[in-house]
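Data block below; observations after.
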Amino acid sequence: MKPFDVYPLFDIEPIKAESCWIWDKEGKKYLDFYGGHAVISIGHTHPHYVKKIEEQLEQIAFYSNSVKIRQQEELSQKLGELSGYDDYGLFLCNSGAEANENALKLSSFHNGRKKIIAFEKSFHGRTSLAVATTNDSSIQASINGSHEIVFVPLNDEFALSKTLTSDVCAVIIEGIQGVAGIQTPSDDFLKYIRKRCDETGALMIVDEVQSGYGRTGKFFAHQFSCISPDIITTAKGMGNGFPVAGVLIAPHIKAKHGMLGTTFGGGYLACAAAIAVLDVIKEEHLIGNATNVGSYLIEKLKMMEGVKEVRGKGLMIGVEMHFNAGALRNDLVFKYQIFTGSASNKNTVRLLPPLTITKEEADHFLKGFALALQPYLQSIAQ
């Protein structure tokens with residue numbers, strides 16, 4: 001048997017990582033400016049993170065949600081305190097797709113409706129309902145087309161007003177669209193969604209799977225807009241590499257036994273990892289660091305020749321070039337040992353480094369990026 005070939009792979013095999021750096025089996029050292037799809041929030045192998053998981057593993061590694069798990073209570077309390085949503089409920093699962101799947105299902109339980117509004121260029125996951133709300137037909141199987149989904153252009157209030165009527169179950173929107181190349185909903189647009197959901201009885205779901213956990217300079221990206229969603233989903237940076245995800249649920253949505261369920265979600269090890277992440281974010285002031293280093297990066301990137309546009313907030317940055325950026329990303333990896341991310345917008349390079357990134361490491365990236373750009377600038381000039 002061999003792995004099912006569904007991923008295009010770099011010919012690199014990492015065997016060790018620390019903070020913002022990765023080493024391959026040949027001993028080459030790479031700067032991680034992608035964090036494995038925004039997963040690495042507090043840096044690779046952070047000592048507190050490793051210690052918390054090791055201590056938990058020595059005590060009890062797993063039991064199901066048929067018993068009380070104290071660590072779930074601790075995680076809920078710390079997440080509520082740091083995020084500002086201490087009055088919300090928390091349902092724990094294993095991935096961003098699961099979180100979105102459960103959020104959409106919960107919305108339908110709440111108001112009994114079926115119709116969902118999502119946004120063009122969105123990405124919400126690959127499970128049945130989550131992928132149906134993802135605006136990419138190439139990853140949808142025929143069975144996914146049975147859901148009643150309406151896609152609306154981002155930041156288009158008029159289009160939303162025509163579709164967000166009293167038969168809508170929920171509106172799901174990313175805090176910042178990641179896969180689309182870092183596209184941000186405006187503050188006014190998020191406020192308009194909140195207003196229309198209140199008027200129609202639809203629920204507002206904000207997918208913070210990629211944009212949450214301090215990455216943008218707020219705990220959640222939507223908090224720049226001063227709105228409170230009915231449901232918030234989170235994953236990726238929540239576990240710093242350990243599979244864990246959460247659905248934050250407003251107090252007016254009532255729970256019933258059997259409404260949601262999971263075998264592995266909220267297990268002891270997942271909670272230990274997630275608690276460690278919150279501890280480090282708080283103690284090392286990583287949200288402020290994301291703001292400061294992110295602003296520095298954005299400012300410097302905007303000044304670079306050949307850059308068409310820089311988008312994003314904090315350490316969630318999209319750098320759009322005047323050309324397809326695929327070859328540039330390859331050069332960054334193989335010539336300058338820097339990992340970056342791609343986007344559905346092929347001209348865009350995504351930057352999602354660990355929140356522990358320093359200004360010196362940002363300068364290392366900027367130097368490598370500028371050098372990697374040179375052949376492309378010369379080609380354009382000719």
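The values are calculated or read from the model by the stated rules, or taken from the named source; none is laboratory data. Model, not experiment: these values are computed from the prediction. Neighbour counts are summed over all protein chains in view; Cβ atoms, including those assigned to glycine, are modelled from backbone coordinates with ideal geometry. Note: areas computed on protein heavy atoms with side chains; ligands, DNA, RNA excluded. Shrake-Rupley method; radii C 1.70, N 1.55, O 1.52, S 1.80 Å.
Only one entry in Asn144, Asn155 is more than 23 Å from Val6 (Cβ to Cβ) and either surrounded by fewer than 22 Cβ atoms within 10 Å (Cβ to Cβ) or free of Cβ contacts under 8 Å to residues at least 12 places away in the same chain (or both), namely Asn155. Cβ-Cβ distances below 8 Å connect no pair with a first residue in region 269-281 that is free of Cβ contacts under 8 Å to residues at least 12 places away in the same chain, a second residue that is open to solvent by less than 10 Å² (accessible area, probe 1.4 Å) and not aliphatic (A, V, I, L, M), and a separation of six or more residues or different chains. Taken over region 270-304, the residue count meeting the criterion of being of a type in the set (A, V, I, L, M, F, W, C), in a helix (DSSP H, G or I) and farther than 18 Å from Gly214 by Cα is 4. Looking at Ile172, Ile227, Ile182 in this structure, which one is crowded, with 24+ Cβ neighbours inside 10 Å, on the phi < 0 side of the Ramachandran plot and β-branched (Val, Ile, Thr)? The conditions single out Ile172.
A single member of Asp230, Asp207 is among the acidic types (Asp, Glu), touching a Leu at 6+ places or on another chain (Cβ under 8 Å) and in contact (Cβ under 8 Å) with a residue 24 or more places away in the chain, and it is Asp230.
Of all the residues in region 337-376, those that are closer than 21 Å to Ile182 by Cβ, touching a residue at least 24 places away in the same chain (Cβ under 8 Å) and among the polar types (S, T, N, Q) number 6. In region 196-204 there is at least one residue matching the filter, namely being free of Cβ contacts under 8 Å to residues at least 12 places away in the same chain and more than 21 Å from Asn65 (Cα to Cα).
Put simply, of Lys308, Lys282 the only residue that is modelled with pLDDT of 95 or more, open to solvent by 10 Å² or more (accessible area, probe 1.4 Å) and in contact with a His (Cβ under 6 Å, 6 or more places away or on another chain) is Lys308.
Considering only region 115-128, state which residues are under 18 Å from Leu260 (Cβ atoms) and either touching a Cys at 6+ places or on another chain (Cβ under 8 Å) or open to solvent by less than 30 Å² (accessible area, probe 1.4 Å) (or both). Ile116, His124, Gly125, listed by residue number. Listed by first and then second residue, the pairs linking a residue in region 292-304 that is open to solvent by less than 80 Å² (accessible area, probe 1.4 Å) to a residue that is charged (D, E, K, R), with Cβ atoms under 8 Å apart and 6 or more places separating them unless they lie on different chains, are Val293/Lys359; Gly294/Lys313; Tyr296/Lys359.
Scanning region 84-113 for residues that are open to solvent by 30 Å² or more (accessible area, probe 1.4 Å), in contact (Cβ under 8 Å) with a residue 24 or more places away in the chain and either more than 16 Å from Cys197 (Cβ to Cβ) or among the β-branched types (Val, Ile, Thr) (or both) yields Gly84, Asp87, Tyr88, Gly89, Leu90, Phe91, Asn94, Ser95, Glu98, Glu101, Lys105, Phe109.
Test Ala250 against the stated conditions and say whether it is among the hydrophobic types (A, V, I, L, M, F, W, C), exposed (fewer than 14 other Cβ atoms within 10 Å of the Cβ), modelled with pLDDT of 95 or more and out of contact with any helix residue (DSSP H, G or I) (no Cβ under 7 Å at 6 or more places or on another chain). Judged against the criteria, Ala250 is not a match. Residues in region 19-62 that are free of Cβ contacts under 8 Å to residues at least 40 places away in the same chain, over 20 Å from Gly368 (Cα atoms) and under 24 Å from the mean Cα position of the chain (by Cα): Thr45, Pro47, Val50. With respect to (1) open to solvent by 40 Å² or more (accessible area, probe 1.4 Å); (2) more than 13 Å from the chain's Cα centre (by Cα); (3) over 20 Å from Ala130 (Cα atoms), the lone exception for Gly241 is condition (2).
Within region 63-83, is even one residue open to solvent by less than 40 Å² (accessible area, probe 1.4 Å), closer than 30 Å to Val333 by Cβ and in a helix (DSSP H, G or I)? Within region 63-83, not a single residue is open to solvent by less than 40 Å² (accessible area, probe 1.4 Å), closer than 30 Å to Val333 by Cβ and in a helix (DSSP H, G or I).
Is one or more of the residues making up region 5-15 open to solvent by less than 50 Å² (accessible area, probe 1.4 Å) and more than 21 Å from the chain's Cα centre (by Cα)?
yes
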